[in-house]
2 protein chains.
Amino acid sequence: MDRPARHPALDLTRDAAELTAQLVDFPSESGHEKDLADAVEHALRALDHLTVDRYGNNIVARTHLGRAERVVLAGHLDTVPIAGNVPSRLDEHGVLWGCGTCDMKSGIAVQLRTAATVPAPNRDLTFVFYDNEEVAAHLNGLGKVADAHPDWLAGDFAILLEPSDGQVEGGCQGTLRVLLRTTGERAHSARSWMGANAVHAAAPILAALAAYEPRRRVIDGLEYREGLNAVRVEAGVANNVIPDACTVTVNFRYAPDRSPEEALAHVREVFAGCPVDEFIVDDHSPGALPGLSHPAAKAFMESVGGSAHPKFGWTDVSRFSALGVPAVNYGPGNPLLAHKKDERVQTDRILHCEERLRAWLTD
Amino acid sequence: MDRPARHPALDLTRDAAELTAQLVDFPSESGHEKDLADAVEHALRALDHLTVDRYGNNIVARTHLGRAERVVLAGHLDTVPIAGNVPSRLDEHGVLWGCGTCDMKSGIAVQLRTAATVPAPNRDLTFVFYDNEEVAAHLNGLGKVADAHPDWLAGDFAILLEPSDGQVEGGCQGTLRVLLRTTGERAHSARSWMGANAVHAAAPILAALAAYEPRRRVIDGLEYREGLNAVRVEAGVANNVIPDACTVTVNFRYAPDRSPEEALAHVREVFAGCPVDEFIVDDHSPGALPGLSHPAAKAFMESVGGSAHPKFGWTDVSRFSALGVPAVNYGPGNPLLAHKKDERVQTDRILHCEERLRAWLTD
């Protein structure tokens with residue numbers, strides 16, 4: 001394979017901070033990851049201790065050392081749309097600015113550096129680079145690899161190098177979206193007794209939501225916090241018409257000790273007493289248990305130090321969880337800076353993350 | 001004034017049914033009433049027993065006979081947009097089809113015929129022809145005359161010849177629209193405890209609406225039925241964001257024994273216990289008392305026969321009510337056929353209406 005024409009080959013002899021800058025200057029907005037995927041494949045194929053597989057723009061590289069455990073390091077190649085913030089810029093305080101610095105080319109750089117500089121790790125390693133994480137779930141490259149080649153993702157423990165401010169975030173909560181529809185009958189509002197008001201029928205739904213007391217649940221020492229919320233309400237035909245339909249969109253975020261089936265049953269139960277004419281499951285992504293009791297995870301926690309935090313939002317760790325691989329987020333960027341025009345990362349945090357991973361994999 | 005070029009002059013010697021057909025064939029969609037207003041003015045100025053005034057495309061013609069009472073007969077010249085249903089067509093059952101047959105060129109024809117054929121009525125008469133009734137309230141020609149020349153509309157009793165199926169509809173209900181806004185604080189729905197859900201805050205508003213028991217009220221023998229209804233609900237930022245604002249649009253239709261101030265105070269009271277952050281009066285049109293106890297109205301009821309009905313929707317009778325003139329709707333068309341592509345009117349109902357009015361004004 002020739003190296004990509006428009007950009008220089010990736011230089012894995014540079015440290016992870018310098019490599020991050022090179023990756024940021026190599027644009028790869030969602031849907032346009034091919035050139036960068038080519039460059040990553042090219043760089044990894046040059047490393048004799050790895051076998052490299054490719055599926056679409058998703059690259060998987062593995063050691064085969066016969067170690068007792070296998071660890072997966074994964075990250076997405078794509079970024080949100082560039083907002084005038086490429087090329088990157090390193091300021092006098094050691095902060096690197098630009099699209100993808102935080103989410104998550106610094107994590108990709110740490111993966112590539114680990115691949116290049118730890119040829120004989122104490123655990124077998126699998127490196128995953130995938131596309132389309134920032135867009136619709138059905139396009140997600142990790143999901144596509146999981147469907148087509150689940151064996152490529154096998155392992156005892158997985159780390160997603162998503163921005164987590166250098167702290168371990170364990171598992172993730174599930175998310176269920178349902179549409180609750182009430183129906184009525186239209187009528188002119190001057191003769192409202194001729195109709196039936198679907199908005200008034202929705203009153204018990206809102207009352208149930210307002211009265212709901214969300215659960216907190218400690219798993220592997222991490223406290224998850226659930227939430228059941230209306231995120232949309234829609235009703236209205238005209239200012240003089242009794243509405244014949246009302247839709248309340250409800251989002252249930254649930255701790256990973258609930259299965260998707262249990263979560264759905266719980267939501268049905270909450271609204272069992274309400275006059276819901278249609279109960280539509282609009283979206284459902286299961287949670288992921290933190291898996292911190294696994295020996296590989298324990299050793300990782302000891303090596304990186306600090307304490308783990310629960311992940312409330314849904315992340316791709318759930319895809320590993322679905323394959324039976326406990327997973328955490330651990331990356332150098334500050335997640336609050338992701339997707340922002342002034343996205344940035346402290347370069348010393350990138351180097352710290354690189355050093356901690358290398359220490360864990362070589363001690 | 002020359003007669004309009006594109007259409008023949010109105011022929012007031014024809015009966016009201018034939019005149020209706022001529023009027024329907026003289027298009028006058030809202031905003032395009034000038035030619036028809038010119039023709040009406042031209043026809044009325046030919047009648048020596050009337051003085052004629054004009055303001056914009058609004059024509060007012062009056063007798064000055066020194067009678068003890070003055071009665072106003074009013075109707076709008078405009079129609080909704082033509083829907084391939086002009087020119088008019090008279091079928092073998094005596095039904096006249098076409099845009100405006102029902103709403104309300106048949107009423108206009110009765111007014112014109114009364115003006116032409118009752119030169120010495122037992123009550124002084126005021127004929128009002130106005131524009132822009134079918135569009136926004138602020139364009140309404142009757143409202144403009146009421147503002148600029150309220151003396152032109154003075155009288156003891158008014159009849160709007162709007163379609164009422166030949167039955168007297170007394171007064172009208174008031175209509176008040178308010179926006180009830182709750183506010184909260186945005187947060188990612190995975191961390192809902194960081195925010196405050198404005199939709200959940202709206203639960204008591206919907207509960208108050210659902211529990212509300214509307215009043216019925218008999219006035220001058222007519223039973224009015226009130227209604228308090230949500231006509232719209234709007235909230236939603238994104239499927240993963242706790243909404244920070246929710247707006248419930250409420251429409252209160254109230255019996256004309258309530259003043260606008262009392263109606264507003266009542267609605268405020270209904271929602272007094274709810275966490276409403278903004279209470280916005282979006283629209284308010286007062287009701288009109290039926291005024292059927294007035295001697296002129298009583299004589300009119302006796303002459304036309306049948307029993308009066310309450311008018312639930314808002315109509316221009318309220319504009320007369322605001323000027324201290326009790327008013328009713330009484331016209332030949334069936335209101336359910338107004339604004340329809342298959343709009344039509346029975347010609348014998350037009351003639352009956354013409355005959356009843358003439359009888360009352362000449363007995």
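The values are calculated or read from the model by the stated rules, or taken from the named source; none is laboratory data. Treat the numbers as computed from the prediction; the structure is a model and nothing was measured. Note that we place each Cβ from the backbone using ideal geometry, even for glycine, and neighbour counts take in every protein chain shown. Calculation scope for accessible area: heavy atoms of the full protein, side chains included, ligands and nucleic acids excluded. Shrake-Rupley method; radii C 1.70, N 1.55, O 1.52, S 1.80 Å.
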> Taking region B:40-85, which residues are under 22 Å from B:D316 (Cβ atoms) and of a type in the set (G, A, S)?
Replying inline: B:G56, B:A61, B:A74, B:G75
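Here is a yes/no grid of residues against (1) within 21 Å of A:E41 (Cβ to Cβ); (2) of a type outside the set (S, T, Y):
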position: A:N57; (1), (2): yes, yes
position: A:L65; (1), (2): no, yes
position: A:T79; (1), (2): yes, no
position: A:C102; (1), (2): no, yes
position: A:S106; (1), (2): yes, no
position: A:V118; (1), (2): yes, yes
position: A:F129; (1), (2): yes, yes
position: A:L139; (1), (2): yes, yes
position: A:K144; (1), (2): yes, yes
>> I'm trying to understand the selection: among the residues of region B:185-196, which are under 14 Å from A:V231 (Cβ atoms) and facing chain A (nearest Cβ under 10 Å)?
In response: B:A187, B:H188, B:S189, B:A190, B:R191, B:S192, B:G195
> Somewhere in region A:77-86, is a residue modelled with pLDDT under 95, in the same structural domain as A:A338 (by TED's automatic domain parsing) and in contact with a His (Cβ under 8 Å, 6 or more places away or on another chain)?
Replying inline: yes
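Return yes or no: is B:A338 hydrophobic (A, V, I, L, M, F, W, C) and either away from chain A (no Cβ under 14 Å) or closer than 14 Å to B:S164 by Cα (or both)? Before the answer, list the steps.
Working: hydrophobic (A, V, I, L, M, F, W, C): yes; either away from chain A (no Cβ under 14 Å) or closer than 14 Å to B:S164 by Cα (or both): yes.
Yes, satisfied.
Take residues that are open to solvent by less than 10 Å² (accessible area, probe 1.4 Å) and touching a residue at least 60 places away in the same chain (Cβ under 8 Å) and tell me which of the strands (runs of 3 or more DSSP E) falling wholly in region A:38-133 contain 1 or more. Even if it seems obvious, please write down each step before you answer.
On the way: elements: A:51-55, A:58-62, A:70-76, A:95-97, A:124-130.
Here the list reads A:58-62, A:70-76, A:95-97, A:124-130.
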> Do you know which residues across region A:164-195 are buried (at least 18 other Cβ atoms within 10 Å of the Cβ), more than 19 Å from the chain's Cα centre (by Cα) and assigned to a strand (DSSP E or B)?
Replying inline: A:V178, A:L180, A:R181, A:T182
> Being within 14 Å of chain B (Cβ to nearest Cβ), in contact (Cβ under 8 Å) with a residue 60 or more places away in the chain, among the basic types (K, R) and closer than 30 Å to A:P204 by Cα, is that true of even one residue in region A:306-319?
Replying inline: no
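Look through region A:136-163, keep the residues that are under 11 Å from the mean Cα position of the chain (by Cα) and not in a helix (DSSP H, G or I), and return whichever of them is surrounded by the most Cβ atoms within 10 Å (Cβ to Cβ). Reasoning before the result, please.
Going through region A:136-163, the residues under 11 Å from the mean Cα position of the chain (by Cα) turn out to be A:137, A:140, A:142, A:160-163.
Going one step further and asking which of them are not in a helix (DSSP H, G or I), we end up with A:140, A:160-163.
Working: A:N140: 22, A:L160: 28, A:L161: 25, A:E162: 25, A:P163: 25.
Looking at the filtered set, the residue picked out is A:L160.
Check every one of the helices (runs of 4 or more DSSP H) wholly within region B:275-363 and list those with 2 or more residues that are touching a Phe, Trp or Tyr at 6+ places or on another chain (Cβ under 6 Å).
Details: elements: B:295-304, B:317-322, B:347-362.
Filter on region B:275-363 gives B:295-304.
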> Restricting attention to region B:197-208, which residues are more than 7 Å from every other protein chain (Cβ to nearest Cβ) and farther than 11 Å from B:C246 by Cβ?
Replying inline: B:P204, B:A208
> Taking region B:261-273 as the search range and keeping residues that are surrounded by fewer than 16 Cβ atoms within 10 Å (Cβ to Cβ) and of a type outside the set (A, V, I, L, M), which one is nearest to the other protein chains (Cβ to nearest Cβ)?
Replying inline: B:G273
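Yes or no, residue by residue, for (1) at pLDDT 90 or above; (2) in the same structural domain as B:Q167 (by TED's automatic domain parsing); (3) closer than 28 Å to A:A238 by Cα; (4) open to solvent by less than 20 Å² (accessible area, probe 1.4 Å):
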| residue | (1), (2), (3), (4) |
| --- | --- |
| B:A297 | no, yes, no, yes |
| B:K311 | no, yes, yes, no |
| B:L323 | yes, yes, no, no |
| B:N329 | yes, yes, yes, yes |
| B:N334 | yes, yes, yes, no |
| B:D342 | yes, yes, yes, no |
| B:R356 | yes, yes, no, no |
> Restricting the search to region B:11-26, which residues are over 25 Å from the mean Cα position of the chain (by Cα) and either under 8 Å from B:S106 (Cα atoms) or in contact (Cβ under 8 Å) with a residue 24 or more places away in the chain (or both)?
Replying inline: B:L12, B:T13, B:D15
